[in-house]
Each structure stands twice: as structure tokens, then as C-alpha cells.
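Notes for the one structure printed next.
The values are calculated or read from the model by the stated rules, or taken from the named source; none is laboratory data. Remember, predicted model here, so these are calculated numbers, not experimental data. With ideal geometry, Cβ positions are generated from the backbone for all residues, glycine too; neighbour counts draw on all protein chains shown. We work out accessible area using only protein heavy atoms, side chains counted, and drop any ligands, DNA or RNA first. Shrake-Rupley method; radii C 1.70, N 1.55, O 1.52, S 1.80 Å.
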Amino acid sequence: MLNKYARAFFTRVLTPFAALLLRLGVSPDAVTLIGTAGVMAGALVFFPMGEFFWGTIVITLFVFSDLVDGNMARQAGISSRWGAFLDSTLDRVADGAIFAGFALWYAGSGDDNVLCAVAIFCLASGQVVSYTKARGESIGLPVAVNGLVERAERLVISLVAAGLAGLHAFGVPHIDILLPIALWIVAVGSLVTLIQRVVTVRRESAEADAASPANGPADR
């Protein structure tokens, strides 16, 4: 839901920066790779140590590469299937690193097996939510549904909560409760989104098969 509005806004804001990088000879693929590496470093170095504030700052600095690389490709007229594939694939890697960082914290110094499991569920469900749409589209279905919690919502909810929870280290009392709340919200929202997409694909596939019963997919 946030994608539609946030992307349009940040695309306008980041266009001059994308143009500057192109003038400096930086490629869109390089921005994609550097951005993913930065997100992974912020998540897997800072989060397992409980440094949620600084981890979120580092991740935020790099997460906008997801918008910059596409903007650069469009400005340069070099948009390609490879670029789209690389961007989408590394998005999944970055998302996984963020929730893996939360899981590592709760499995270690955070000492909470339930929240560790919730973080792992957020990681897995986020990947499956993305897969259901990609797989549905690969067999010719539109998958015309806006899920309750898609990638943008997962990132905003979890990172804002993590950043605020990190203020506990600076003496703000009780604010660390925001991260567990956010993880539960993302977990439940991702499950709802997964169900929405599965139901949509089921309906669309039934309609497509009814329209052309002889042309359904041969295998599963």
C-alpha cells in the first residue's frame, strides 16, 4: 500500500542524486550491490549486538539504493531484464538480513526464543509473500491484489520500531517494547497478505482454467 505513494515521492526527491551518480560514471548495478551490502552490514553487525538505533541509521542510508538504481537506469535509458532481476533478488537478500539480525539478537543477548521465532517467521513469510506474486505472474496470472503488509510496510514498521527501540540505550525508558510489538504486527500482517495472495491466485487460476480448460499448466 505504501509503495504506490512513497515510491513516487522519493523518486522525485532522489532524481538529482541519481543524475549526479550517472555523471560520475557509477552504474545502476553498482548502486544495487553497494546498497545491499550496506543494508546487510547494518542488520547483521549492529542488530545482533542490540545496537538498533545505529543499525537502523546505517540501513536507512543504504535502503534508498532500491529507488536510486532504477531511477538511474531510466535516466540513462538502460533499463533491462537483468537489472530488474538483480534488483528484485537482492531486495530479498536485504530483507532477509534485517529479520535475521533481529533473530540473532533474540537468540543471543536478547534471550527470547518466542521473539526469535517471530523474527524468523517474518523473514520466511516475507520471502514467500514475494514468491507467491512472482510465481503467479510467471504462469500468466495478474495476481491483482494489494496485500495488507507488503515489502514497504514490512520495512517501515520494523525499521521505525527498531530505531525508536534503540533509544533505550540513550536512557529513554520502556521504548524498547516497540520492537516486539512491530515484529508481531509484521508477522500477522504478512500471514494475512500471504492468505490474500493465495486466495487471489486460486480464484484467478480457476477463472483462467475455465476460460481455456485445455491450456492449463502441465505440472505443479
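With springs only between Cα atoms under 10 Å apart, run a GNM on the chain and tell me which of Trp184, Trp82, Trp105 wobbles the most. Ranking Trp184, Trp82, Trp105 by mean-square fluctuation puts Trp82 first. A dipole drawn for the chain from +1 and -1 charges on Cβ atoms has a positive end, and of Thr36, Ile181, Gly77 the residue lying farthest that way is Gly77. Packing, taken as the mean count of other beta carbons within 10 Å per residue, orders the peptides 32-41, 139-148 from highest to lowest as 32-41, 139-148. Note on the chain: semi-axes of the ellipsoid equivalent to its C-alpha gyration tensor, largest first and rounded to whole Å, are 31, 26, 14.
Between the alpha-carbon centres of segment 138-191 and segment 11-28 there is a gap of 29 Å.
Backbone geometry of segment 88-99 corresponds, through the Karplus equation with coefficients 6.51, -1.76 and 1.60 at θ = phi - 60°, to 3J(HN,Hα) couplings of 5, 5, 6, 4, 5, 5, 5, 4, x, 5, 4, 6 Hz, x marking Gly and Pro. Using every pair of distinct Cα positions in segment 126-215, the Kirkwood expression returns a hydrodynamic radius of 14.9 angstrom.
Only the Cβ atoms of Lys and Arg (+1) and of Asp and Glu (-1) were treated as charged; on that basis the dipole of segment 31-94 about its Cα centre amounts to roughly 160 debye. Short to long, the 10 Å bins of the Cα pair-distance histogram for segment 47-166 hold 12, 37, 33, 15, 3 percent of all pairs. For the chain, the solvent-accessible area of protein heavy atoms averages 54 Å² per residue (probe radius 1.4 Å; ligands and nucleic acids excluded). Spin-label model, Ser79/Ala37: points 7 Å from Cα along the beta carbon direction are separated by 2.8 nm. Only DSSP H runs of four or more residues enter the estimate; each adds -39500 (n - 2.57), and after division by the residues of the chain the mean residue ellipticity at 222 nm equals -25500 deg cm²/dmol.
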